[in-house]
Amino acid sequence: MALENHPMWRLPKHHLDLKSSHDHVHWVELFYDLIHVVIIFLLGNFLSDHLHLSGFLTFAGLFITVWFAWADSSVFNSLYVSTDVKHRLIMACQIVTAMVMATSIPHVLDKGWTYFALAYAANRLITAYLFHRTNQLGIESTKLARSVSRNYFALAIIFATTAFMPAPYSYWVFGTAIAAIQVLYMAPKIGVLENKRFLPRLGHMSERFALLLLIVLGEGFFKLVITLSEKGIYKVDPSVLANFMFGGIAVFVQCWIYFDFVGNGKPKNQHKWTLVSWWLAHLFLMLCAVMVGVALAGEVKAGFWQPYPLKYGVIGCVGLAGYLLSLLWIQLMIEHRVAHRFATAKVRMFGVILALVTIPILPHVPSLIGNILWGTALISQIAYPVTRAYFTLSNEEANS
């Protein structure tokens, strides 16, 4: 095998310039995702410790910030098939920046902010360099890589300066820069999305979304298991154990309804706003999944006959409603599946409305009733479509 054809020395190539390219995620990308297990867990802990409006807004801002860093790096790896030694070393450096971001999260409102902002700036600088490298090597003949690298270099400087600004100005400037990234993507005529070569491997990105969602949903298991283990499994009564098991099933069902109805689904077309909607719907889906994961920790804080902890309940009900709406949003953006015949908008809206109606009821009923209502909102999203599909498809088969 010629050296330039070996994965460790083969230079990056835009996937449109290759005769053939697969959509499977490379192990380097999977390893980069591993650090996000810790980040998502620490973000969940942050929300658990700040169950009030300002705390939620901070959590949401941090989650969106980290998600964009992950997504932009993923987009580069989807555009340019990169497996060489230098790329691997660059990704190792990016993993280190994510590690620093993760350790800064518990104290991000205080002395941890400086470290978070500097690590985030370094992370974006590395993404900028990845695009710059393709331009430098002559791999990208259009202005795509040059434009993106220039944007990220400039924004990295802004992110770094916020590390030394007093609060709350540092947060406002940082947030404005995060919003600017999306404007630079989407702005008519000047946005990067206007470039026809800014088209990631859609199968690759859908697989990345699915893998990250598994990580995000796994946070719910972490919260449940760690909360009960710290409390002491031998100290709780059987009703708490039953709630604990119900929480585990709820996480599984969330995963089930994603993968059966939208998981690994490609956008139905390559129109700019279809791609943007598909992208943003996954962001909100994962944000809501973390909210539900945090709320499930309340399952081991009360038995059957005590009211469900209200703050956890509100987070869980709003999170489930948002999760189902995001699921429907993605469903409308991807290629049609047979399963979509049965998981209709009416089914999704039933779950959304029931989840929201549960909120004012929670303080006045035992957690057993709260769980039945919330569980019905969730489990109906798989039970009804599967049951209806079985009978409908069986009758069609019998009549054919």
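The values are calculated or read from the model by the stated rules, or taken from the named source; none is laboratory data. The structure presented is a predicted model; accordingly, all values stated were derived computationally and were not measured. Positions of Cβ are generated from backbone atoms using ideal geometry, with glycine treated the same way; all protein chains shown enter the neighbour counts. When the accessible area is computed, the model is the full protein with side chains, heavy atoms only, and any ligands, DNA or RNA have been set aside. Shrake-Rupley method; radii C 1.70, N 1.55, O 1.52, S 1.80 Å.
Quick grid of which residues meet (1) aromatic (Phe, Trp, Tyr); (2) under 27 Å from the mean Cα position of the chain (by Cα):
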{"position": "Trp374", "(1), (2)": "yes, yes"}
{"position": "Tyr384", "(1), (2)": "yes, yes"}
{"position": "Phe391", "(1), (2)": "yes, no"}
{"position": "Asn399", "(1), (2)": "no, no"}
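Screening Val66 against (1) open to solvent by less than 10 Å² (accessible area, probe 1.4 Å); (2) not in a helix (DSSP H, G or I) leaves a single unmet condition, (2).
Does Glu299 satisfy the criteria of being in a helix (DSSP H, G or I), among the acidic types (Asp, Glu) and open to solvent by 60 Å² or more (accessible area, probe 1.4 Å)? Against the criterion (in a helix (DSSP H, G or I), among the acidic types (Asp, Glu) and open to solvent by 60 Å² or more (accessible area, probe 1.4 Å)), Glu299 does not qualify. Could you say which residue among Leu109, Leu155 is more than 27 Å from Met8 (Cα to Cα), at pLDDT below 95, of a type outside the set (Val, Ile, Thr) and crowded, with 19+ Cβ neighbours inside 10 Å? Being more than 27 Å from Met8 (Cα to Cα), at pLDDT below 95, of a type outside the set (Val, Ile, Thr) and crowded, with 19+ Cβ neighbours inside 10 Å holds for just one of Leu109, Leu155, which is Leu155. In the set (1) at pLDDT below 90; (2) surrounded by 19 or more Cβ atoms within 10 Å (Cβ to Cβ); (3) over 28 Å from Asn264 (Cα atoms), Leu137 fails one condition alone, (2).
Candidates are the residues of segment 221-236 that are surrounded by fewer than 16 Cβ atoms within 10 Å (Cβ to Cβ) and among the basic types (Lys, Arg); the one that is nearest to Ile249 (Cα to Cα) is Lys231. Residues of segment 311-341 that are surrounded by fewer than 21 Cβ atoms within 10 Å (Cβ to Cβ) and not in a helix (DSSP H, G or I): Glu335, His336, Arg337. When only residues in segment 358-372 that are among the hydrophobic types (A, V, I, L, M, F, W, C) and over 12 Å from Gly316 (Cα atoms) count, which is least open to solvent (accessible area, probe 1.4 Å)? Checking each candidate, the answer is Val365.
Residue pairs whose Cβ atoms lie under 6 Å apart, sitting 6 or more positions apart in sequence or on different chains, and linking a residue in segment 249-275 that is farther than 26 Å from Leu378 by Cβ to a partner that is in a loop (DSSP other than H, G, I, E, B), are Lys266/Glu335; Lys268/Glu335. Check off (1) assigned to a helix (DSSP H, G or I); (2) touching a residue at least 12 places away in the same chain (Cβ under 8 Å); (3) open to solvent by 10 Å² or more (accessible area, probe 1.4 Å) for Met286 and give me the number that stays unchecked. Only one criterion in (1) assigned to a helix (DSSP H, G or I); (2) touching a residue at least 12 places away in the same chain (Cβ under 8 Å); (3) open to solvent by 10 Å² or more (accessible area, probe 1.4 Å) is unmet by Met286, namely (3). Here Met186 fulfils each of the conditions (1) open to solvent by 20 Å² or more (accessible area, probe 1.4 Å); (2) closer than 19 Å to Asn123 by Cα apart from (2).
Figure legend. Inter-residue proximity from segment 227-243: first residues in a helix (DSSP H, G or I), second residues of a type in the set (S, T, N, Q) and surrounded by 15 or more Cβ atoms within 10 Å (Cβ to Cβ), beta-carbon distance below 7 Å, spacing 6+ or different chains. Indicated pairs: Asn243/Ser367; Asn243/Asn371. If you go through segment 322-340 and keep only what is among the hydrophobic types (A, V, I, L, M, F, W, C) and more than 22 Å from the chain's Cα centre (by Cα), you end up with Val338, Ala339.
The single condition among (1) part of a helix (DSSP H, G or I); (2) over 29 Å from Met205 (Cβ atoms); (3) open to solvent by less than 60 Å² (accessible area, probe 1.4 Å) that Ile379 does not satisfy is (3). Determine which single condition Gly203 fails, assuming it passes every other condition in (1) open to solvent by less than 20 Å² (accessible area, probe 1.4 Å); (2) in contact with a helix residue (DSSP H, G or I) (Cβ under 8 Å, 6 or more places away or on another chain); (3) under 27 Å from Val262 (Cβ atoms). In the conditions (1) open to solvent by less than 20 Å² (accessible area, probe 1.4 Å); (2) in contact with a helix residue (DSSP H, G or I) (Cβ under 8 Å, 6 or more places away or on another chain); (3) under 27 Å from Val262 (Cβ atoms), Gly203 misses (2) alone.
Taking segment 249-277 as the range and being assigned to a helix (DSSP H, G or I) and within 19 Å of Ala355 (Cβ to Cβ) as the test, the residues that pass are Ile249, Ala250, Val251, Phe252, Val253, Gln254, Cys255, Trp256, Ile257, Tyr258, Phe261.
Between Leu354, Leu368, the distinction of being under 26 Å from the mean Cα position of the chain (by Cα), farther than 20 Å from Val262 by Cβ and among the aliphatic types (A, V, I, L, M) belongs to Leu354 only.
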